[in-house]
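Nothing in this text is a laboratory measurement; each read-out follows from the coordinates by a stated rule. Nothing here was measured: the structure is a model prediction, and the numbers come from that model. Virtual Cβ from ideal backbone geometry, glycine too; neighbours counted across all protein chains shown.
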Amino acid sequence: MDRSLIATALALVFAVLAQVIIAPNIAVSAAVPNFILAFILVLSVTRPGMPSTFVLAFVLGFLYDLMGHGPVGITAFLLVLAVFAVSRVFMVLDNDTFFMPVTIIALAAVLLEVLYAAFMIVFGLAQSPFEALVHRGLPCALYDCVAGVVLYFLMSRLQGGGPTVKRSPSAALGAPTTQVHAVSPGKRKKASITKMRHR
C-alpha cells in the first residue's frame, strides 16, 4: 500500500481521536484546539487538488459541528473553502522546503479561526467581537498552528521516501498532467512525470 495513504489514514484517526479526547482536556477558557482543521490543512498541502480531500473536509467539518462547537455547517463550509484555496496557493508557491507548507498551514489556520469568529458574531453566539477574536479566535489559531505543524512533520516522516502527489493547478481542473515528488526526512526532492493522453 502507498505509504502516503497509510500516513493519511493514521493522521485522520489521530485527528478525530485527539479532537474527542485530548482537545477538551487542554482547552483554555473558550479556546479549544481544532485538530480536524489542522489535519485538513496538512492534507491540502501534502495531497493538493485531490477530490478525496474535499470530501474529507466536508465530512469532518460536519462532524466537528455536530460535536457542539458551533452552528452546524459552518466548519464544513470553511474547511472545503480552505482546501480549495490552500491547495492552489501551495501548488503555486511550493519550493521544496518545509518552510513554505508550514507557513501556509499557519496562515490558513489563523485566517480560518478569524472567519469562524466572524460567523460566531454574525449568528449572535459571541457577546462581543473582542470576545470572539481575542478570547477564542486567536488562542484557537495558536493551538491550530502548533497542531498543524506537528501533524505535517509526522506525516512527512511516515511517508519517508514514498511519493506524495502534487498536482498542478491545471491538473486539478482536469488537465491530464500529474506531478509526483518524493519526500525525504530532510528535504524533499522533486521528480516530475508528465502524462499526455492521445486519442
Subtracting the Cα-Cα distance of L125 and L154 from 0.36 nm times their residue separation yields 6.9 nm
Under a plain spin-label model, where a point goes 7 Å from the Cα along Cα-to-Cβ, how far apart in nm are L17 and V134?
3.9
Cα extents of the stretch 3-160 along the three principal axes, largest first, in whole Å?
46, 31, 25
Cβ neighbours within 10 Å, averaged per peptide: list 142-148, 153-159, 42-48 in order, most packed at the top.
42-48, 142-148, 153-159
Quick check: residue separation of V114 and F98 times 0.36 nm, minus the Cα distance between them. What number comes out in nm?
3.3 nm
Once you place label points 7 Å from the Cα toward the Cβ at A30 and I6, how far apart are they in nm?
4.4
Rounded to whole angstrom, the alpha-carbon centroid of the stretch 1-55 lies from that of the stretch 67-86 at a distance of 13
